[in-house]
1. Amide H neighbours of A:ILE14 under 5 Å, at least 5 residues apart or on other chains, H built in the peptide plane: list them.
2. Can you give the extra length, in nm with one decimal, that the chain gains between B:LEU101 and B:ARG331 once fully stretched, where that is 0.36 nm per residue apart less the Cα-Cα distance?
3. What are the ³J(HN,Hα) couplings of the stretch B:602-619, residue after residue, when phi is run through the Karplus curve with 6.51, -1.76, 1.60 and θ = phi - 60°? Round to Hz, x for glycine and proline.
4. I'd like the mean, over residues of A:93-100, of how many other protein chain beta carbons sit within 10 Å of each residue's own Cβ.
5. Answer rounded, prolate or oblate for the stretch B:52-98, using the Cα gyration tensor with square roots of eigenvalues a ≥ b ≥ c: rounded when a/c is under 1.5, else prolate when a/b is larger than b/c, else oblate.
6. Take the alpha carbon gyration tensor of chain A, find the square roots of its eigenvalues, order them as a ≥ b ≥ c, and report rounded if a/c is under 1.5; if not, report prolate when a/b exceeds b/c, else oblate.
7. Which of the lysines could a cross-linker span from B:LYS444 if the Cα-Cα distance has to be under 22 Å and same-chain partners fewer than 8 positions apart are dropped?
8. Lys pairs in chain A, Cα-Cα under 26 Å, at least 8 apart or on separate chains: how many?
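The values are calculated or read from the model by the stated rules, or taken from the named source; none is laboratory data. Please read these numbers as outputs of a predicted model, since none were measured by experiment. No Cβ is skipped: glycine too gets one built from the backbone with ideal geometry, and neighbour counts run over all protein chains shown. Just so you know, the surface numbers come from the protein's heavy atoms only, side chains and all, with ligands and any DNA or RNA stripped out. Shrake-Rupley method; radii C 1.70, N 1.55, O 1.52, S 1.80 Å.
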Amino acid sequence: MVHIKRLQESGTDIIAVIGEIDASSSIELDLAIAKSVGEGFKRILVDCHALEYISSAGLGVFMSYIEEFRDKKIQMVLFGLKEKVVNTFEILGLAELLNIRENKNEALKLANELSV
Amino acid sequence: MFKNKALTRLTFLGSVIAWLTLLFSDITILFSNLQGLQPDVPLWLPRVMLGAYIVCLYYYYKFRIELDDSLNFTDLLWKVFATGLITTVVSLVFRLIVFMLGKSSLATNVVFGDFICQINLALLVNFLIAALASWKRLILYQKSKWLIRTWLVFEFILFGVLLYDSAGIRFSETVNTTMKLVIGVLVLALSANMRWVAYLNFKQKWTSLLLLLLTFFYLTYFFYTVETATESIAKGSSAFLDYRNQLFIIVLASFIIIYGIFSFLVILFNLPTSSVFEQKLEEVVNFQRISQSIQTEQDEESVYNILLESSVSSVFADAAWLEITGAANDRKMFTYRMTEQESKNIREHLEKNNIKGVLDSGTEKTKNLSKHLASMRNSRFRSLLAFPIVVKEENIGTLALLKELPDGFNKEMTRIVSTFANQAGISIENFRLMEEAFQNARYKEELKIAKTVQQSLLPTKLEQDKDFEISAFSASADEVGGDYYDTLRINDHLVALIIADVSGKGTTAAFHMSQMKGIFHSLAQQHLDPKEFMQRANQALVYCLERGSFISASYFIIDSAEKKIRYSRAGHCPVLYLRAGSKESSYLKDKGAALGMVRSKEYCNYVEANEFSYAPGDTMVLYTDGITEAKSSKGEEFGNERLAKALNEVAGANAKEIEDNIIKRLYEFSGTKNINDDYTSMTVKFHG
């Protein structure tokens, strides 16, 4: 089960993911990101503080946006990942494809730098 | 069946013999009496023979009419009518013969008169007994215990009367009167049973009236014929079988006539209300059609059509429409004797006048919206009744019935159609549930196939070498995953190994797994560097993996000539390697993104190949995340450390033993045989 909250801060969309993302709940994450893109946000931060587990399907959601974000010049930064979750990203090699930062400030800074 | 047929014939033969005996004995007695001679036959013979004749006929008709289940009410009356017709025709033939004989001596002969009279009497009795069998069926329709008893008493009394007649005993007048009174009361009590009349439709009622009328005509004719014949004989002599002395015939005839008259009157008075009864019956039938429509493999559409037709015919509506939101959110419109435009006009009119009713599927009450139609111009309809169709507490549509008359619907009609609408809702709900169950079953069947496919994709035999041995294990959860492993010998000193995990589950996972197998078998043979292998595999998979799907894989080439392993990891779980020398195990965490993650040539920047030497006694364990992510009852994960420990415990053992230990520890840890992900591992033990 996953709970997703969205919060907007000065043109940046912050998506907070709470709980576990598996095959069925990955659809909700996909919807949230798609909505954010649809609303025209160029900076998207994903708050993973409360993300306990992510399955391959959940990783697939992040993965599927990489190219779209590159084309649309949208910057997505993940932050606050638990060690176990980071590990999952690293094993799959997704850590190199995504922007991952320790905390919100760093993530925001990176997003601002990249979008210049 | 055969027995019945034989009995029918036997009773018929019996009755013929009895009658012939009766005829000849009676004529002999009459003739002797006229000649003043002592007859050779006993005087009681005709009486007894009449009794025997009646009993035989009774059983004959019992088999013919009473036990024939195929007869309906009009058939029964028709049987009586047909018997009457035949007997009348026979009687008329004899009348014609008498007429043709004119005033000849034979015609005026008393003995010949008796002959004719006895024939007519026999025909009359025949007719009465046939009617008795039919009346019995009619009276005992929807019988109660009490009614059966009454009928039995009546039959016993009739039999008693018959014995009384045959014996020729004469009781006093009082006894006679009392008996007649008792019989009269019984006949009246039995004649009150007219339940069958209610089940006749209008046409059948008319037919029954006609048949009954003709039956009365026959009876009158026979009584007249027998009466006149008896009168003329009685003038000559009294030594013959006079039906007027036969109480049985009198009683039976009165019963037949009384019940006949009762039936006639009841049917006659039921004629005006029969249409109501028919309508009720039709409602029941319609109701049944709706409830049964689900069982006869019909689709939702036919349920709607039946609902529309049934509702219209039950309330005599001039037109109707049915608007339904289907399971896939599509709107369907069914109309009856009206165009869709007309219905649209009415709906728009109601909407315009802001009338809240069921037509705006917001409320669930049946509404009579007739009064709102009055304000609508250019419409031929003046009455409107609307019903909601509810499935799973959700309003899925509206049934609207229209009439050209104002105030065309009454409460009764509203109630009936609302029952129809409810039943249709239930039918549709059942139908959708069935569809769901069917889909589920199909999905399960698909999974089964996928699982078989998945199993068949895994190798049955693994490559072995003098330098190393390989053992593999794979257990899959109920849901099909996409774990894949395989080996391939490139040449005499090179062997390729692969382990892969397809993201997602079910049939697509099995499908991607088969693609991976194809890629492995075609690319590995070309002796590519592991990095090149990954790049090409990625390039091939980009075209078949859908958005968000990927495959993690590790590819190894073991070179037994140089004692080296060259490998590349593409997002797969790091391989566990135990060095025999240091007795330390470690995970080889190299850089590498899973196949399908980067869908361009740039992938080469995200994958690398590495190389190391192996020594005898080294062990390499390849596995999928199902093993490291297996959970204990406390929710803890098996993890890398426990896996390494399971290997170290049996470091010196062969590949199969190491694998067995890992699996044993894994099951011990999870505490259950029911796994929720696929467990796959491939263990390589080097001998050198």
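1. A:LEU7, A:GLN8, A:GLU9, A:LEU45
2. Full extension from B:LEU101 to B:ARG331 adds 74.2 nm.
3. 4, 3, 4, 7, 10, 9, 9, 10, 10, 9, 8, 9, 10, 10, x, x, 5, 10
4. 5
5. Details: a/c = 4.83, a/b = 1.58, b/c = 3.06.
Oblate, since a/c reaches 1.5 and b/c is not below a/b.
6. Rounded shape, in that the Cα axes give a/c under 1.5.
7. Counting by Cα, and skipping residues close in sequence, B:LYS444 has these lysines nearby: B:LYS505, B:LYS673.
8. 26
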